[in-house]
Structures are given as C-alpha cells and as structure tokens.
Amino acid sequence: MALVASVHLDDGWKLPNMQLSDVNGEHVNLREQLGENGLLIAFTCNHCPYAIAVWPRLIRHAATLKQMGISTIAVNPNIHPDYPADGVTAMQEKIAEWGIDFPYLADETQAVAKAFDAQCTPDLYLFDGSGSLYYHGRMDDYWKDESKVTQEELILAAELMIAGQPTPQPQHPTIGCSIKWLY
C-alpha cells in the first residue's frame, strides 16, 4: 500500500451538491447532511492500517462533534473488485462491529473522491454550517498510537470554527493509503 498525503485545498471551497448511497442502497445528499454548525466528511475504508488506526477516534470524535452541531459522514472510495475487504458487505459488517452511528457511504464510481481531490484514507474535510471548507487536515498529531497523541487538531479546528475564529495554521495533511482508483 502506497503512503500518500492529502493535498491542499483553499479554505472556503464549497461542499459539492452530490449524492452517494448508504450500505442499504438509500441515496444520501451530501449538502443535506450539514449540521447546524457544519459537517465532517472522512474519506476512509476498512482495510488500510492508517484508516483502521483512526476509526475509533473518528467514531468518538463524531459524537463530540454532534454535540457541537456538526454532523459526520464517512465515505468509502475503495469500492474496487481487487479490495473485497472494502466492499459494501464489508462496510455493513464494520458498521455493526465498530458501532458506527453516522452514515458510512459507498463512492462506487469514485466521482465524489475525485470532486474533493481526495488522495488517501483517511482524508478529512471539515465544512462550516454554510458548506464552506474550514479545515482539511489530520485528526491529530500521531496516527499510529492514540496514547501518544498530544494535539487533537480536528477537535481544536471544530472549536475554533464554532467560535468564529480563523482557521488553525498550519493545517498538516493527513497521511494514509492511496485511494484504490478504478482506472
């Protein structure tokens, strides 16, 4: 698995009006998922060691963000025949196993990942309540071992966003496995 870093996007980039399907085939519009104060979109998957390492934190942070009026969705761009561990059936199993209580969506055509210029799993995008990108960076300062985290960068960004403060700088890119592109 190739290690890749997320690419820079300018603050203020607008959340696209796109649609994906959940694991039951129900259509979910991204813009309709905006909470009162924003939306976190996490491009992630089931098999990447980087994604697996941060899933427990993502689930826990989603609960914290929900209390702040920020919704969370996860998007799996790795619906690829060579990676059955990331297929929709496997997603259903992970929802039950990990207790994921927010939408986990399948990007079967990878159109959403391409629109976001997503590069890796995980790749995090925090939008404000109007759908403008506020933060595109890593979750914290140590992906591999949660006990060694000293800065909760995503939560700090959400707190600053809610307080109407400028975006935190620098915004460190996320790192993870490359998205398994179909082409």
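Rule-based calculations on the coordinates, nothing more; no lab input. The model shown is predicted, which means the values in this text are computed figures rather than measured ones. In this analysis, Cβ positions are derived from the backbone assuming ideal geometry, glycine residues included, and neighbour counts consider all displayed protein chains.
Identify all residues within segment 146-183 that are among the small types (Gly, Ala, Ser) and under 25 Å from ASP128 (Cα atoms); write none if there are none.
Here is the first cut: in segment 146-183, the ones among the small types (Gly, Ala, Ser) are 147, 157-158, 163-164, 176, 178.
Correct list: ALA157, ALA158, ALA163, GLY164, GLY176.
Based on this model, can you work out whether GLU36 counts as of a type in the set (Asp, Glu), in a helix (DSSP H, G or I) and surrounded by fewer than 22 Cβ atoms within 10 Å (Cβ to Cβ)?
no
Among the hydrophobic types (A, V, I, L, M, F, W, C) and part of a loop (DSSP other than H, G, I, E, B): which single residue out of PHE102, PHE127 fits that description?
Matching residue, one of PHE102, PHE127: PHE102.
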(message) When the residues of segment 1-33 are narrowed to those that are part of a strand (DSSP E or B) and among the aliphatic types (A, V, I, L, M), which ends up nearest to TYR125 (Cα to Cα)?
(response) ALA5
(request) Starting from residues that are over 16 Å from CYS48 (Cβ atoms) and of a type in the set (S, T, N, Q), keep the ones in segment 97-154 and report whichever is surrounded by the fewest Cβ atoms within 10 Å (Cβ to Cβ). (result) SER147
